[in-house]
Number of protein chains: 2
Amino acid sequence: MNIAILFGGSSFEHEISIVSAITMKKVLKKSQISYLFLDKDRNFYLIEEKSMNSKLFSSGEYKKSKTIQLKQGSFSVDALFGSKDISVDVVLNLIHGRDGEDGKIASLMEFYGLPFISPRIEASVLSYNKLYTKLYAESVAVKSVPYQHLSKNDNRELTLEYPVIIKPVRLGSSIGVSIVKSADDLEYALDVAFEFDTDLIIEPFIDGVKEYNLAGCKSNSWELSIIEEPQKEEFLDFAKKYMDFSRDSQVHQADIDPNLQAKISESFQKIYDPLFLGSIIRCDFFVIDGEVFLNEINPIPGSMANYLFDDFEAMLERLALNLPKEKKIQIDYQYIHSIQSAKGKA
Amino acid sequence: MNIAILFGGSSFEHEISIVSAITMKKVLKKSQISYLFLDKDRNFYLIEEKSMNSKLFSSGEYKKSKTIQLKQGSFSVDALFGSKDISVDVVLNLIHGRDGEDGKIASLMEFYGLPFISPRIEASVLSYNKLYTKLYAESVAVKSVPYQHLSKNDNRELTLEYPVIIKPVRLGSSIGVSIVKSADDLEYALDVAFEFDTDLIIEPFIDGVKEYNLAGCKSNSWELSIIEEPQKEEFLDFAKKYMDFSRDSQVHQADIDPNLQAKISESFQKIYDPLFLGSIIRCDFFVIDGEVFLNEINPIPGSMANYLFDDFEAMLERLALNLPKEKKIQIDYQYIHSIQSAKGKA
C-alpha cells in the first residue's frame, strides 16, 4: 500500500509531528511511504526517505526538497518541465495541533478528493477544542470531569476548589497547561495559558487519579487497542515528551478487572462512532470510584499510539480500505432551468 | 476595495449560491468584484462580470472560463505562459451548504492565508450542524426549541407530540424538511430526510409561531440589522425560494416592542461573539410567550441578508478591515536542538 505521511504544520506541535513521522518510518515496514512535509509557512515538500531525520528540518535543509501542490485528486510534485503526481492509496494525517487537528487538513483532503486517515472536519473541531469535547461527550452520554470555562476578557474568578489544572482549550501535548495549588499561583498560570489561547478550561486536579488510555478505530469492525495505564508525572520534560512521541514497541495491558475494561471500551465506542469514522484516535479516561470519565480525546495521538496495537500496520491497511465516502451530490441545474422557463413564460 | 466572491460549490445549494452571487452584483456598486466560481467537481473558474448570468452555469459554458489555482497568499489564474495573481483585498464566501458552510472554504482560506468574510472553522461546524448548534446555544445561555435527535440506525420512535418538523442536521434552504401532522406520515418524512443526511433533528412544529430574523456582524463595533418578521409559508416553491435568495432592496423593521427587540439583539450577540467574528450571519428566532428561542443560525445567509441593512456595502468594507487575525506561531526547532544536544552528550 502507498501511504503518504503528512507531518509538520503551522503548529506549536510542529517539532513533535516530525518526531512522530520519523517513528512511523520504523513502524510501517511493509508499506511504500511518501513523506510530505508541511513547513511553518504552509508549503509542502516531498522528503526522501533516506533524508528523514530531525536535522534536515531544524537546519532548514528541507527547503532544497521538491515542492508539492495540491490538485483535484492528487499531490503534484513540481518539476522543471510540468509536474508529476505522487502515488497515494491513503494519506495519513500526522500533523499534531493546529492545521492537523483543527479541521484544516481534513478539509483540504475532502476538498481535493484524497482518501485520508484522520478525524473528519466535525470530529476535528469537536476534539481539538476541549470545551466542545465536553459538550459533545455529554451529548453521547459519556461523562467528563466537571469544569469551568474562562475567556480572555472574563473576570478571573475561580468557582472550583484548589488544586486545579488549567488548560488552553485548543492545544495538545501539555502546552500551556499548569497545575495550580493555591490562589497565589493562579494569576501567573492564567497568564501563561492565555499566551496560547483565548479560552481555557479549568478542572479539579485529582492527585493520583487512575488514568487509562485506549486507542482504536472502526474499519470493517471494531479495532480496539489494549488499555494502558500511562506513567504519571506532574510535568514532562523534553526528553520524556520525546520518548512519548517516539514510542514504537508494544506496551502491556493494564491490570484492571474485566468489568472496568468493558466500561472503558463502551465509552470509547460511544465517543468514536460515527463521528470519528476514518480516524485512529486515543481516548484518555479517568476512573474515579469505579466510574469512567473522559479526560481527553487525542484525535491524532503521538506516533498514532502504534505501541498500543499488536499489528498497527495491518490495522492501518484495513482502515484505509474502509474509509467513509463523501456523498455524491447531483447538480443538474433543474432549479435554474425552472426559473428560466418561468421567466420565459412571463 | 477588491472583493472576490466565491460561489457555487459541491452542495445541494449550488444553484442558490449562483443566484446569491448574481444578486451581489446589484448590491455591491462601488467595489471591484472578481467572481470565483467553484463548480460541482471543485474546480475554480474566474467568471467575467459581463457573463454573470444563470445560463452560463446551467449550460456548462462556464468551463470555457479561465481556471484558478489556490496558492499561498493568492488565487492564481492559469495562463498559457505562467500564471497571474488575482488582486483580492477580501474574499466573500457565498457558497451555501456543503463546502461553504461546513468549514472547508474557511479552512482553505486560513490555510492559504487569504483574508475572508465567512464563519471560521469552528463557527462553521457548530452552525452547519443543527444538532451542534443546539449544544453551542445552550453553552452560551441562549435557549433553543426542544428537540429529538435521530440517527439513521436508531429506532424510529418519536418522543414528541404531533405536529413535528423534521430537519436533516446538515442542510439549509429547507432541503429535506417536512412537517409531519400524524403518525401516518412519519415514515415517509423520515425516509425523505435520511436521503439527505445520516442525522436528523425533530422539533415540535408550532403553527403560527412568531418568527424574527436579525443579521449582523462585529466590525470595529456591533453592526446589527433591522429585525424582520419574515413572511411564513409552510412550503416555499421554487419561485418563492428564488425571490428569497435574490432580494436586494431593504425591508421594513418588524413592529415589536423595544423590550423584545433588546432580547433578540442580546441573544444574537451571545451567539455571535467571539465564535462568529469575521462573518455576517443571520439568526432566526422564535418568540413564545415573550421568550426568545434560537431557531437557526444561517452562517451564510441568502444574498448575505443584504436587504436587512441600510448600507450593506459600507458595512462589508468595515468588516473587511476588522477581520480576526491568525496567531503567528514561532517555530525555532528549540525542542529538536535540545534532543540533538542531549543525544550528543550521551
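Per-structure values
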read-out	value
Flag for A:SER265 being within 21 Å of the chain's Cα centre (by Cα), modelled with pLDDT of 95 or more and outside any loop (DSSP other than H, G, I, E, B)	yes
Test: residue in the range B:173-181 that is in contact with a His (Cβ under 8 Å, 6 or more places away or on another chain), farther than 27 Å from A:PHE44 by Cβ, within 14 Å of chain A (Cβ to nearest Cβ) and at pLDDT below 95	yes
Residue, surrounded by the fewest Cβ atoms within 10 Å (Cβ to Cβ), within the range B:10-48, restricted to residues that are touching a residue at least 40 places away in the same chain (Cβ under 8 Å), assigned to a loop (DSSP other than H, G, I, E, B) and within 12 Å of another protein chain (Cβ to nearest Cβ)	B:ARG42
Subset of the range B:165-188 [hydrophobic (A, V, I, L, M, F, W, C) and farther than 30 Å from B:SER10 by Cα]	B:ALA183
Test: residue in the range B:64-85 that is within 30 Å of A:HIS149 (Cα to Cα) and surrounded by 15 or more Cβ atoms within 10 Å (Cβ to Cβ)	no
Some residue of the range A:301-320 being under 14 Å from the mean Cα position of the chain (by Cα), surrounded by 16 or more Cβ atoms within 10 Å (Cβ to Cβ) and assigned to a loop (DSSP other than H, G, I, E, B)	yes
Of residues in the range A:140-194 being part of a loop (DSSP other than H, G, I, E, B) and charged (D, E, K, R), the one surrounded by the most Cβ atoms within 10 Å (Cβ to Cβ)	A:ARG170
Per-region count, the range A:106-127, residues facing chain B (nearest Cβ under 7 Å) and without any contact (Cβ under 8 Å) to a residue 24 or more places away in the chain	4
Odd one out for B:PHE81 among (1) within 13 Å of another protein chain (Cβ to nearest Cβ); (2) free of Cβ contacts under 8 Å to residues at least 60 places away in the same chain	(1)
Criterion violated by B:LEU94 - all others in (1) within 13 Å of chain A (Cβ to nearest Cβ); (2) in contact with a strand residue (DSSP E or B) (Cβ under 7 Å, 6 or more places away or on another chain); (3) of a type outside the set (D, E, K, R) satisfied	(1)
Qualifying residues in the range B:74-114 (those that are more than 18 Å from A:TYR112 (Cβ to Cβ), assigned to a loop (DSSP other than H, G, I, E, B) and touching a Lys or Arg at 6+ places or on another chain (Cβ under 9 Å)) - the one modelled with the highest pLDDT	B:GLU101
Checking A:PRO163 against (1) at pLDDT 95 or above; (2) out of contact with any Lys or Arg (no Cβ under 8 Å at 6 or more places or on another chain); (3) more than 27 Å from A:LEU308 (Cα to Cα), the condition it does not meet	(2)
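Rundown of residues vs (1) away from chain B (no Cβ under 12 Å); (2) in contact (Cβ under 8 Å) with a residue 40 or more places away in the chain; (3) under 28 Å from A:ASN306 (Cβ atoms), yes/no style:
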residue: A:LYS50; (1), (2), (3): yes, no, yes
residue: A:PHE57; (1), (2), (3): no, yes, yes
residue: A:LYS104; (1), (2), (3): no, no, yes
residue: A:ASN129; (1), (2), (3): no, yes, yes
residue: A:VAL142; (1), (2), (3): yes, yes, yes
residue: A:TYR147; (1), (2), (3): no, yes, no
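The values are calculated or read from the model by the stated rules, or taken from the named source; none is laboratory data. A quick note: this is a predicted structure, and the numbers were derived from the prediction, not measured. Every residue, glycine as well, gets a Cβ built from its backbone with ideal geometry; the counts of neighbours run over all protein chains shown.
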